[in-house]
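Taking it in order: structure first as structure tokens, then the write-up.
The values are calculated or read from the model by the stated rules, or taken from the named source; none is laboratory data. Only a predicted model underlies this, so the values are computations on that prediction, with no experimental measurement involved. We place every Cβ from the backbone using ideal geometry, glycine too, and count neighbours over all the protein chains shown.
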Amino acid sequence: MDDFYRDYILDHYRNPRNFGHLEAPTVTAEDLNPLCGDRIRMELLVDADGTVKDVRFSGKGCAISQASASMLTENVRGKSLEAVAKLTKEAVLENVGIGISPTRMKCAMLGLRVLKSAAIGSLAAWPDEE
Amino acid sequence: MTTLHLSERSAVEIRKDFPILARPTVRGKRLVYLDSAATSQKPNSVIDALDAYYREYNANIHRGVYEIAARATEAFENARARVARFIGCSPGELVWTRNATEAINLVAYSWGNANVGPGDAILLTEMEHHSNLVPWQLLANRTGATLRFIPIDERGELVLDGLDDLLDGCKLLAIAHVGNTLGTIAPLERIVPRARAAGALVLVDGAQAAPHLPVDVSALDCDFYAFSAHKMLGPTGIGALYAKRAILEAMPPFLSGGDMIRTVEYGRSTFNDPPWKFEAGTSNIAGAIGFGVAVDYLADVGLGWIREHEKRITGVALERLAALERTGLHVYGPKDPDRIGGVISFNLGDVHAHDVASILDTEGVCIRAGHHCTMPLMDKMGWHATARASFYLYNDEDDVEALVRALEKAARIFKL
């Protein structure tokens, strides 16, 4: 687990990319991990073709949840909503690198859950990312 | 360690009774267990008692006429008598529950539904665990009663200035004996007489106190006292509610079914005497027996010794953590071992408590991180999450040192 806290993770934690709010988001979603209270909100600006033009996230939580959400937002612009909806757990793990313990997997996947539910428009439609 | 105090020698002896503490972690580290406020570890005597019940005399209690059923019944009721003696009540005033939470729910439903109505108030504190808050929210919703709160200040101390006003018109004061997040010890000797004078009954949530302080419910003069076995060396799934006999007599049943009845016809029933009136269905027999053995162990060590030992370890920990202030470590709550019950909440710089706990875990150090089931308190204090270390009779200065070294590692990783 201590392998996980690499410089780029700490950098994303302390200097999150695309952090904040859009003036007029097309879709938004928010969720929290009730066990630890980590919270993430995703806002997307989507054009008429369903392409993501801009993204912001906000929230509070551990380095794992905040850094993985920050890294996710770097790969969203220009993608179709369908492509965002199909992002996988593996893609996130590839982003953040090795060393996520099972007890922290929910933290790492919180950003993905929220982003996908923003793309799909329904949080309940997506199974748990465990 | 340069000096060896009596309590350290004893803590070393005590550790030998807890098999889990001798097992290294997956990474080969010594297990440094600093999460006893969540659940305590179990000594051999408790584990053996559970084993012996299932291997030697497993039978249902109270009506079996055969030998092992009689033995199980005797052990079950004998455990009740020992746990009752442990908190200074009679066995007829001690109801088995699943845990402190269920004990509080029992009071909220049985006593609450019968005695609380629109316009009544229930007084809590701002430091309550969800288990001594949510049942009263639901009771207030059912009955039209309102909730009031004794404030907690930024130092983590209860503010008693407006207490008499808060108590005016209150049916019940429900208060934690020791707060689970900051370890604050409620000054019950100052609060309970004023609640009495205002005509309110008093429920004390003793989940964090009964394991650590000498408790005498008659000296406290409370009407209800709720506690859990698993935080005091006993098994999970068993706890107890103390209630004054006359109150128990007057309370209607909570859960109903077998064992809690006297007579049953198709259309109506009459009920057993307390405490059995509140123990529907087959109880956690092994758990109760294990609880009895757990309080025997605690009484044998002595609650006075345990309290002094925890005060000393907590004092050492507060001192060592203060030396980490240069890395941004901040301790919350009263910083006086006399004022807290072996619980220290803290944060390390801008590192989230969950990351602190994860890094400590790699060193075998077990702490808790998050809101500790006190979300309103966290909101009020403006904390997103805290890390919490808690101490018990088997912890010693080596555990404090391991905590400090692991925190130094976390500070290094996060470049603090």
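So which residues in the range B:306-322 are closer than 13 Å to B:Leu403 by Cα and either among the basic types (Lys, Arg) or touching a residue at least 60 places away in the same chain (Cβ under 8 Å) (or both), if there are any at all?
B:Ile313, B:Thr314, B:Val316, B:Ala317, B:Arg320, B:Leu321
Got a sec? Which of A:Ile100, A:Ile64 is at negative phi, under 14 Å from the mean Cα position of the chain (by Cα) and not hydroxyl-bearing (Ser, Thr, Tyr)?
Result: A:Ile64 is the single residue among A:Ile100, A:Ile64 that is at negative phi, under 14 Å from the mean Cα position of the chain (by Cα) and not hydroxyl-bearing (Ser, Thr, Tyr).
Which one is surrounded by the most Cβ atoms within 10 Å (Cβ to Cβ), of the residues in the range B:55-79 that are under 11 Å from B:Ile289 (Cα atoms) and in contact (Cβ under 8 Å) with a residue 24 or more places away in the chain?
Across the range B:55-79, the extreme among qualifying residues is B:Ala79.
Could you say whether any residue in the range B:244-261 is surrounded by fewer than 22 Cβ atoms within 10 Å (Cβ to Cβ), touching a helix residue (DSSP H, G or I) at 6+ places or on another chain (Cβ under 7 Å) and at pLDDT below 95?
yes
Check every one of the strands (runs of 3 or more DSSP E) wholly within the range B:61-167 and list those with 1 or more residues that are among the basic types (Lys, Arg) and modelled with pLDDT of 95 or more.
Of the strands (runs of 3 or more DSSP E) lying wholly inside the range B:61-167, those with at least 1 residues that are among the basic types (Lys, Arg) and modelled with pLDDT of 95 or more span B:146-150.
Can you pull out every residue in the range B:26-39 that is closer than 21 Å to B:His371 by Cβ and in a loop (DSSP other than H, G, I, E, B)?
Within the range B:26-39, B:Leu34, B:Ser36, B:Ala37, B:Ala38, B:Thr39 qualify.
What is the one condition in (1) free of Cβ contacts under 8 Å to residues at least 24 places away in the same chain; (2) farther than 30 Å from B:Asp296 by Cα that B:Asn113 does not satisfy?
(1)
Of all residues in the range A:17-67, which are within 13 Å of chain B (Cβ to nearest Cβ) and among the polar types (S, T, N, Q)?
Within the range A:17-67, A:Asn33, A:Ser65, A:Gln66 qualify.
What about A:Arg14, is it among the basic types (Lys, Arg) and either more than 9 Å from chain B (Cβ to nearest Cβ) or farther than 26 Å from B:Trp383 by Cβ (or both)?
So A:Arg14 fails the test.
Pick from B:Gly315, B:Gly281, B:Gly287: which is over 21 Å from B:Asp399 (Cβ atoms) and not in a loop (DSSP other than H, G, I, E, B)?
The match here is B:Gly287.
I'm checking my understanding of the structure. Among residues of the range A:83-106 that are among the charged types (D, E, K, R) and touching a helix residue (DSSP H, G or I) at 6+ places or on another chain (Cβ under 8 Å), which one is farthest from B:Asp350 (Cα to Cα)?
Among them, the one singled out is A:Lys89.
Quick check on my filter: what residues within the range B:357-375 are farther than 18 Å from B:Gly328 by Cα and either modelled with pLDDT of 95 or more or acidic (Asp, Glu) (or both)?
B:Asp361, B:Glu363, B:Gly364, B:Val365, B:Cys366, B:Ile367, B:Arg368
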